[in-house]
2 protein chains.
Amino acid sequence: MNGAESLVRTLLNGDVNVCFANPGTSEMHFVAALDRVEGVRCILGLFEGVVTGAADGYYRLAGKPAATLLHLAPGLGNGLANLHNAKKARSGIVNIVGEHAGYHIQYDAPLTADIEGVARPMSDWVKTSHSSKTIAADGALAIQVARTAPGQIATLILPADTAWGDADGPAEVAAPALRAAVAADALAKGVRALKNGKATTLLLGGAALRGKALEWAGRIAAKTGCGVLSEFNNARIERGAGRAQVRQLSFVVERSLEMLKDTRELVMIGAKLPVSFFAYPGKPSVLVPKGCEVISVAAAEVDLEGTLEALADELGARNTAPLVNAPGYDGALPTGDITLEKLGAFFNAAIPENAIVLDEAVTSGRAFSGATMGARPHDWLNIMGGSIGWGLAAAVGAAIAAPDRKVIALEGDGSALYTQQALWTMARENLDVTIVIFANRAYKILLGELNNVGAGAPGRNANDMLTLDRPDLDWVTIAKGYGVEAGRATTLDELAVQFKRGLAAPGPYLVELIM
Amino acid sequence: MNGAESLVRTLLNGDVNVCFANPGTSEMHFVAALDRVEGVRCILGLFEGVVTGAADGYYRLAGKPAATLLHLAPGLGNGLANLHNAKKARSGIVNIVGEHAGYHIQYDAPLTADIEGVARPMSDWVKTSHSSKTIAADGALAIQVARTAPGQIATLILPADTAWGDADGPAEVAAPALRAAVAADALAKGVRALKNGKATTLLLGGAALRGKALEWAGRIAAKTGCGVLSEFNNARIERGAGRAQVRQLSFVVERSLEMLKDTRELVMIGAKLPVSFFAYPGKPSVLVPKGCEVISVAAAEVDLEGTLEALADELGARNTAPLVNAPGYDGALPTGDITLEKLGAFFNAAIPENAIVLDEAVTSGRAFSGATMGARPHDWLNIMGGSIGWGLAAAVGAAIAAPDRKVIALEGDGSALYTQQALWTMARENLDVTIVIFANRAYKILLGELNNVGAGAPGRNANDMLTLDRPDLDWVTIAKGYGVEAGRATTLDELAVQFKRGLAAPGPYLVELIM
């Protein structure tokens, strides 16, 4: 058995059985080992941003890491933006990055570069495994790191001679560690805040937005009258009718300030201090009002379900009916011309039961979150690191992780273009993904931001850099070039027809919505 | 005047008047300054790999740096692979990377990450400019670094508050330093080697492959009978009928070994020690035969034209007629089914006078270099860092730098897909680029490499990761989606029609050649 095979068998020992891949020459022994050993599903991405974004989407649904297979420093570089998004989402990923044989590096061949240097900014852990005898143990360590709650980016660098040299066999992988319990004093502070009658808001993040944890939060809200917010972006939130009411903070500074202005105590469970996405001249970075006490009860890596259950118990809310969203999906579909308000109402009515919605709609999508709280129960996934080009790639991973669920990707046109190669993977794997492209033919968010930062109205150069017209991108045609069926909608009535067609198709379908 | 404007005016002082850009919120003041100050041509790339690849292609033709404008660490990450290619090409680029306002970084907003860390592996120089008063001077320094022969990657990080704060004005930019003269002892060693009667080969790299330098090499070869080789890849080589005969080393280890096997003295002018692209079990990394003396007369940053002229003088070759390629373009175009041999003959006859050819044809293109030495005089540009996704992007930059010349991009399908967003920029800017996609619907090079590394024949997983079929990419349709006219060829006769149509079109045209 060579090093590569010992690593593949170690991945299987650690229940890592999906590999999103874009290999090169230095990874060929690993590719051959994936042939010899049964059990790893290999999915090709035609660009590394697809590979790493898919691994992020996969983790958010599967709750366990996939492996990626990447080719040297530049291949890793191509995957870096979506590793950034995954790291901010606290997703677990085991990156396997091929490297030249150790003895070859000194010759500075064309593809030689500092892989560890490229990996470090977007990884929680980086290691080069210099021997075929140690790669299995290093692989086991990488899996353990990736599985550390809530999830971490582990990058294992695999020199070609480590892959092709002799190994002793695979390594055992330690079971994932249990999440730490909430600290008693932090819990007590949270209880006090929720009992003392001051205006208090729960700010939930990470695993607090799902399952039982979310339900406990709903009971606490019903019992105490506290507000319940989530961060502006969330890796995965279970929402819709019958689920606990959670309002999302806004990208727009003024709106978040408004949402928080009456709060005297902010109780954070798995969330971070709310800050603005960007800095703007004359606007605050921190969105918490003056005089508001901030109480971090539990960080993202803590047992958040246990934390909320304990809070509920202390507050006598164990048997309180949770405050939940009322169904809002029964109205007729809105018709006629497209407006953002009507689009929100459309998705509120049209999201199917148990769907997975990936939201990279950027400007067009800002109102969707608030408008779809009463939709049929579904999961909603945000881009967490703000680096566009995430949605289509993550949809690949979500669909691989949850093959029986409808996946819906809401995409800005500028964002979708970054990793549009994901369409091909969707076609090859016949993934059940319905994509809606909001084609406003601009980096519309930036036309607003130019004004927000006080830089004035766009002139010729700014306009050239912030618009996607001249020529207009034709998304229906691009999709067909990748083997994905597609249709165009210019009204809500056409959107209804197209969206239905997408959901009915067993494979991918793209709707270009002209804004 | 704010910091952003002082930087734009400094760029103009340094003759940097093209900016390939993909900006975000943190760059909005810089974008606004590009509006206010006349003189910088801004070209939008819909993905950062297009931006950095274009800057590489631009430098190779213009001989001076362009600026890039990139958005925070992930935007830089997306451009990293083509910065790697540019760094290996020794191209000069001034990267301007936006950063959060300094006071905002502590809050770890979604897009916060270690920009310097991402930049360092693919940059020769990295600096964060912390004040609006210093950004002009830092910009001048960045230009100076980028212009250091043969060219360097300078990455200047521009925090938003540095851009929007008050500045004193632009900075002066020092004139580019002259290249160092060749060292006398190194020159003497080279002369001795070329005079002593042993089998000697000149290995040329960088600027030695162009203009007068190349001509001197041709005279030396005619006078001494030495061989003349170039490295396997070259940033830019002037070739074709009437130009000095230079054979390129091969990607295939065995072929390079064969080309060098009789050489007893290898005289390197602007070139590096020839090594294999990858390491293969049982094959050497260094391609120079045992007992061959390696003499590095001048590194890439030295005055190579002066070096070769001095060599020619010492050898009495000043007035010797150079050994040049005979015209080979007069034959009839080959017809019928497509073979690699016939394709070589086709391009030998079809490359128009003064064309710029970008070669990222990978497997299909290996024979083209040797087959087209007798074509009409042209420039030939190789991908220098081996990170695919270079050709279409670099073609954008080459066409901007040389608007009066025909640009021809020879592209593997796997490679072209990495930065196919470049098609849109070609359409918007109406760039005169003819693209030929060699559609073998596989990472065909890797199917060969699997065997080369001794990993055996591909099984199911390997085949899934090394082929681009199921579904086939439809390049004609994809191109049309980006607003680029396109046609398909399945025979050499069809290729002749399509290639002619491409050359006749004033804007971009794509030919999908089914292999």
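Restricting to the stretch B:316-349, what's the tally of residues that are under 27 Å from B:G414 (Cα atoms) and either touching a strand residue (DSSP E or B) at 6+ places or on another chain (Cβ under 9 Å) or aromatic (F, W, Y) (or both)?
Looking only at that region, the number is 4.
What is the one condition in (1) farther than 22 Å from A:A181 by Cβ; (2) under 25 Å from the mean Cα position of the chain (by Cα); (3) β-branched (V, I, T) that A:T263 does not satisfy?
Unmet for A:T263, out of (1) farther than 22 Å from A:A181 by Cβ; (2) under 25 Å from the mean Cα position of the chain (by Cα); (3) β-branched (V, I, T): (2).
Of the conditions (1) surrounded by fewer than 19 Cβ atoms within 10 Å (Cβ to Cβ); (2) touching a Gly at 6+ places or on another chain (Cβ under 8 Å), B:A375 clears all except one; give me its number.
(1)
What number of residues within the stretch B:403-440 satisfy the criterion of being free of Cβ contacts under 8 Å to residues at least 40 places away in the same chain and within 13 Å of another protein chain (Cβ to nearest Cβ)?
0
Quickly run through the stretch B:462-515 and pick out the residues that are among the polar types (S, T, N, Q) and closer than 19 Å to B:G414 by Cβ. I'd like the intermediate steps shown before the answer.
First, pick out the residues of the stretch B:462-515 that are among the polar types (S, T, N, Q): B:463, B:467, B:477, B:490-491, B:498.
Matches in the stretch B:462-515: B:N463, B:T467, B:T477.
Out of the stretch B:476-498, which residues are touching a residue at least 12 places away in the same chain (Cβ under 8 Å) and facing another protein chain (nearest Cβ under 7 Å)?
Result: B:I478, B:Y482, B:G483.
Of all residues in the stretch B:408-431, which are of a type in the set (D, E) and surrounded by fewer than 23 Cβ atoms within 10 Å (Cβ to Cβ)?
Passing the criteria: only B:E429.
For B:L473, are the conditions met, namely being within 7 Å of chain A (Cβ to nearest Cβ) and touching a residue at least 40 places away in the same chain (Cβ under 8 Å)?
yes
Looking only at the stretch A:380-393, decide whether some residue is within 10 Å of chain B (Cβ to nearest Cβ), assigned to a helix (DSSP H, G or I) and surrounded by 24 or more Cβ atoms within 10 Å (Cβ to Cβ).
no
I'm checking my understanding of the structure. Among residues of the stretch B:414-447 that are in contact with a Gly (Cβ under 6 Å, 6 or more places away or on another chain) and more than 18 Å from A:Q420 (Cβ to Cβ), which one is modelled with the lowest pLDDT?
By that ranking, first place goes to B:Y443.
Name every residue in the stretch A:448-485 that is closer than 20 Å to B:L423 by Cβ and part of a loop (DSSP other than H, G, I, E, B), in order of residue number.
Within the stretch A:448-485, A:L468, A:D469, A:R470, A:P471, A:D472, A:L473, A:D474, A:Y482, A:G483, A:V484 meet the criteria.
Condition (residue is buried (at least 24 other Cβ atoms within 10 Å of the Cβ), assigned by TED's automatic domain parsing to the domain that holds A:Q144 and touching a residue at least 12 places away in the same chain (Cβ under 8 Å)) applied to the stretch A:34-41: is it met by at least one residue?
yes
List the helices (runs of 4 or more DSSP H) that sit entirely inside the stretch B:19-115 and contain at least 2 residues that are under 30 Å from B:N382 (Cα atoms) and more than 7 Å from chain A (Cβ to nearest Cβ).
It comes to B:48-62, B:72-89.
Just to be sure I understand the filter: pairs with C-beta atoms under 9 Å, separated by 6 or more residues or on different chains, first member in the stretch B:230-252 and more than 28 Å from B:E449 (Cβ to Cβ), second member β-branched (V, I, T) and part of a loop (DSSP other than H, G, I, E, B). Which pairs pass?
Partner pairs satisfying both residue conditions: B:G240/B:I351; B:G240/B:T372.
So B:V246 clears everything in (1) within 14 Å of another protein chain (Cβ to nearest Cβ); (2) β-branched (V, I, T); (3) within 26 Å of B:R192 (Cα to Cα) except one condition, right? Which one?
Checking B:V246 against (1) within 14 Å of another protein chain (Cβ to nearest Cβ); (2) β-branched (V, I, T); (3) within 26 Å of B:R192 (Cα to Cα), the one that fails is (1).
For the stretch B:325-341, check the following and say yes or no: at least one residue is modelled with pLDDT of 95 or more, within 16 Å of B:P377 (Cα to Cα) and either touching a Ser or Thr at 6+ places or on another chain (Cβ under 8 Å) or not in a loop (DSSP other than H, G, I, E, B) (or both).
The answer is no; no qualifying residue exists.
Output the number of residues of the stretch A:143-159 satisfying the condition of being touching a helix residue (DSSP H, G or I) at 6+ places or on another chain (Cβ under 9 Å) and assigned to a helix (DSSP H, G or I). Before you say what the answer is, go through the steps one by one.
To start, the set of residues in the stretch A:143-159 that are touching a helix residue (DSSP H, G or I) at 6+ places or on another chain (Cβ under 9 Å) comprises A:143, A:146, A:149-159.
Filter once more, so that each one left must be assigned to a helix (DSSP H, G or I): A:143, A:146.
Number satisfying all stated conditions: 2.
Quick grid of which residues meet (1) within 21 Å of A:L287 (Cβ to Cβ); (2) surrounded by 21 or more Cβ atoms within 10 Å (Cβ to Cβ); (3) in the same structural domain as B:I157 (by TED's automatic domain parsing); (4) not aliphatic (A, V, I, L, M):
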{"site": "B:A101", "(1), (2), (3), (4)": "yes, no, yes, no"}
{"site": "B:H104", "(1), (2), (3), (4)": "yes, yes, yes, yes"}
{"site": "B:Y107", "(1), (2), (3), (4)": "yes, no, yes, yes"}
{"site": "B:L111", "(1), (2), (3), (4)": "yes, yes, yes, no"}
{"site": "B:A119", "(1), (2), (3), (4)": "no, yes, yes, no"}
{"site": "B:W125", "(1), (2), (3), (4)": "no, no, yes, yes"}
{"site": "B:H130", "(1), (2), (3), (4)": "no, no, yes, yes"}
{"site": "B:T134", "(1), (2), (3), (4)": "no, no, yes, yes"}
{"site": "B:A142", "(1), (2), (3), (4)": "no, yes, yes, no"}
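Would you pick out the residues in the stretch A:117-139 that are part of a helix (DSSP H, G or I) and more than 9 Å from chain B (Cβ to nearest Cβ)?
Once the filter is applied, which keeps residues that are part of a helix (DSSP H, G or I) and more than 9 Å from chain B (Cβ to nearest Cβ), the stretch A:117-139 yields A:A119, A:I135, A:A136, A:A137, A:D138, A:G139.
The values are calculated or read from the model by the stated rules, or taken from the named source; none is laboratory data. It should be emphasised that the depicted structure is a prediction, and the values quoted were computed from it without experimental measurement. So basically every Cβ, Gly included, is an ideal-geometry build from the backbone, and we count neighbours across all protein chains shown.
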